[in-house]
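Data block below; observations after.
The values are calculated or read from the model by the stated rules, or taken from the named source; none is laboratory data. Predicted model, so just to flag it, every value in this text is computed and none were measured. Cβ placement follows ideal geometry from the backbone for every residue including glycine, while neighbour counts extend to all protein chains displayed.
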Amino acid sequence: MSNYHIKHLEEYYQIYRKSIREPENFWEEVAEEHFVWRKKWDKVLSWDFSKPEIKWFEGAKLNITENCIDRHLVTRGNKTAILFEPNNPDEPAEHISYNELHERVNQMANVLKDHGIKKGDRVCIYVPMIPELAISILACARIGAIHSVVFAGFSSTALSTRINDSDCKMVIAADGSYRGAKTIDLKGIVDEALESCPGVESVLMVKRINSDIKMKKGRDKWLQPLLDEASTQCPAEIMDAEDPLFILYTSGSTGKPKGMVHTTAGYMVYTAYSFKNAFQYRENDVYWCTADIGWITGHSYIVYGPLANGATTVLFEGIPSYPDFGRFWDIIDKHKVNQFYTAPTAIRALAKQGSELVEKFDLSSIKVLGSVGEPINEEAWHWYNDNIGKNKSPIIDTWWQTETGAIMITPIPYVTPTKPTYATLPFIGVQPAIVNEAGEELKGNQVEGRLCIKFPWPSMARTIWRDHKRYKETYFSTVKNMYFTGDGALRDEVGYYRITGRVDDVIIVSGHNLGTAPIEDAINEHPAVAESAIVGFPHEIKGTALYGYVTLKDAGEGRIHDNVRKEINQLITERIGPIAKLDKIQFTQGLPKTRSGKIMRRILRKIAERDTSNLGDISTLLNPECVQDIIDEAL
Ligand code: 6R9
């Protein structure tokens, strides 16, 4: 069907209009033609945002692994499904074919069943970026167990909170992980976490670093001997369209993490369709997303989206700086990667290293570059475009969230003309709205406000695990009859969207609304600046004034700092206006970040307010140690 692969802008508009005018017909056609069903649906969509209740493909029966694996066996059995690139560049890459994936997923599924896991049970997966992580996910889906992947870098407290919140019966874990030159002991973290998780009956251990770990009798078992004994056949459990597929935790603005629940059919249809079109994936392309599978980006665009299309998806265990900062480019060259999807934070870190490391490699296989996770600043966009895309591969700046399940606003490469820092146009079937403080939709172009979505799309999260009230309050109570994203956005004169940052990051200075992202963009243009973050702090006259945390490429001091301070404010004045000038600038060695690379402004705000008594839980940060340094420097 031509609808499945968009080829030019006119066609985008045509398909987009159809998806908006007749959403049910549109998604029904996609679902009919591109997936295998045990039974077709009775109703395509029913929804009520006031409850909120959303159902797609009600009455349909399917198993997502039959769509991601079994159906490819006839035509793509020997094709590489997962291309595993280990942390150590001297360890050979592993090509897992669809045939082999089928066998390994079935073996794992049989082991889970032997350990009493049934449809609807929750299984926590705490495994680093190795094939067993994807295989565990798919094995759960095979038997209808609900997987809850916890990023294998989270602390024991973060792990136990998540295990208990969803009452996981089983944990699949690894003895440890490799990250660059370091090995990380994961079993120790698991043991500590499980001291406060009485509901966990069994722990299955993947051997990765061959460390000498303690096994708790009656609870812990090595996985490999069990897999070796298990049958390579395991019938797929037949699931209802709206049966939960997985829970994935995302941090809320306050309090405990939210267990977002994604269901089966809608998630499958939309992630597969968006993967194909947003990356313009063609048969035999090699696709690589550098995210960790512990985040939604990895769930949707390393595992489910690519496999549902019979794609080859790269799974990389390591980090961009090991053995040196050329590793990403080395891997692209080695495996002839065609689509490369990463985060602005990685792009900035790599750009800081200059372009010599890039030039050593042949990147001519690249056709599409992707960005996700935070607004991409202009400087990073250009560096990515010039040095990696060589001005010929379009950058797709993809905006979406754990809650949306899949990409919502993005250019379609070779179809939508790109514009730096703009996520551009809504994806097929997505109906964004810009809403003002009073909750009224701002129609027409050249408007700015809060980003909402006014119509359901198939991959939206259906609830927060056992907290439907919080789901309603967080997403459906700010604006009547719309899903509220928590982000701000503007729509320019041609209808392109630019995400301006979290709405809670908007700072009102002397009655003017200022977005943190454009100010940070301006600061980052300064040649000496590596990264920056802006927060508000109380000011006698302005109400709130701006406080900037700035890291420099080379630590300067004294007079250099004074000069850079002046120049930063000059740049801001030029780009935005004097109103956005910073009242305080603190030079610092690092910025506190979440494991997925987002700057934790909440903590920076507290320090700027000189209120460091209660910084909340900082244990899940990527770099908790920098917090004390920033406090010390500030005082
Ligand atoms: C996929 C993912 C969601 C939040 C989102 C927004 C920010 C993500 C972005 C972006 C600007 C982009 N965000 N992509 N902001 N441009 N292309 O990252 O999910 O971890 O849940 O984060 O990330 O603020 O609301 P998640």
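Numerical summary
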quantity: The listed residue being of a type outside the set (Val, Ile, Thr) and farther than 23 Å from residue 375 by Cβ, out of 609, 574; calculated: 609
quantity: Exclusive hit being of a type outside the set (D, E, K, R) and on the phi > 0 side of the Ramachandran plot, set 370, 389, 405; calculated: 405
quantity: The stretch 331-349, residues that are within 12 Å of the ligand (Cβ to nearest atom) and in a loop (DSSP other than H, G, I, E, B); calculated: 343
quantity: So residue 300, is it surrounded by fewer than 23 Cβ atoms within 10 Å (Cβ to Cβ) and either in a loop (DSSP other than H, G, I, E, B) or under 17 Å from the mean Cα position of the chain (by Cα) (or both); calculated: no
quantity: Among residues of the stretch 280-296, those that are within 14 Å of residue 131 (Cα to Cα) and buried (at least 24 other Cβ atoms within 10 Å of the Cβ), counted; calculated: 2
quantity: Residues that are over 21 Å from the mean Cα position of the chain (by Cα) and of a type in the set (A, V, I, L, M), drawn from the stretch 361-389; calculated: 363, 366, 388
quantity: Qualifying positions in the stretch 373-403 - within 8 Å of the ligand (Cβ to nearest atom) and over 19 Å from residue 339 (Cβ atoms); calculated: 374, 375, 401, 402, 403
quantity: Some residue of the stretch 282-290 being within 14 Å of the ligand (Cβ to nearest atom), at pLDDT 95 or above and part of a loop (DSSP other than H, G, I, E, B); calculated: yes
quantity: Per-region count, the stretch 339-360, residues more than 23 Å from the chain's Cα centre (by Cα) and crowded, with 20+ Cβ neighbours inside 10 Å; calculated: 1
quantity: Strands (runs of 3 or more DSSP E) contained entirely in the stretch 110-179, each with at least 3 residues that are surrounded by 21 or more Cβ atoms within 10 Å (Cβ to Cβ), among the charged types (D, E, K, R) and without any contact (Cβ under 8 Å) to a residue 60 or more places away in the chain; calculated: none
quantity: Selection within the stretch 560-595 - without any contact (Cβ under 8 Å) to a residue 24 or more places away in the chain and among the basic types (Lys, Arg); calculated: 565, 566
quantity: Scope the stretch 419-451; condition hydrophobic (A, V, I, L, M, F, W, C) and either surrounded by fewer than 22 Cβ atoms within 10 Å (Cβ to Cβ) or farther than 11 Å from residue 492 by Cα (or both); matching residues; calculated: 423, 427, 428, 430, 433, 434, 435, 438, 442, 447, 451
quantity: Hits in the stretch 399-428 - residues which are under 24 Å from residue 522 (Cβ atoms), in contact (Cβ under 8 Å) with a residue 40 or more places away in the chain and of a type in the set (Val, Ile, Thr); calculated: 409, 421, 424
quantity: Among residues of the stretch 361-372, those that are surrounded by 15 or more Cβ atoms within 10 Å (Cβ to Cβ) and away from the ligand (no atom under 16 Å from the Cβ), counted; calculated: 5
quantity: Top-ranked residue of the stretch 175-186 - restricted to ones that are within 11 Å of residue 208 (Cα to Cα) and charged (D, E, K, R), ranked as modelled with the highest pLDDT; calculated: 175
quantity: Exclusive hit being crowded, with 18+ Cβ neighbours inside 10 Å and on the phi > 0 side of the Ramachandran plot, set 486, 495, 515; calculated: 486
quantity: Spans of strands (runs of 3 or more DSSP E) in the stretch 406-523 with at least 3 residues in contact with a helix residue (DSSP H, G or I) (Cβ under 7 Å, 6 or more places away or on another chain), within 16 Å of the ligand (Cβ to nearest atom) and of a type outside the set (Phe, Trp, Tyr); calculated: 483-491
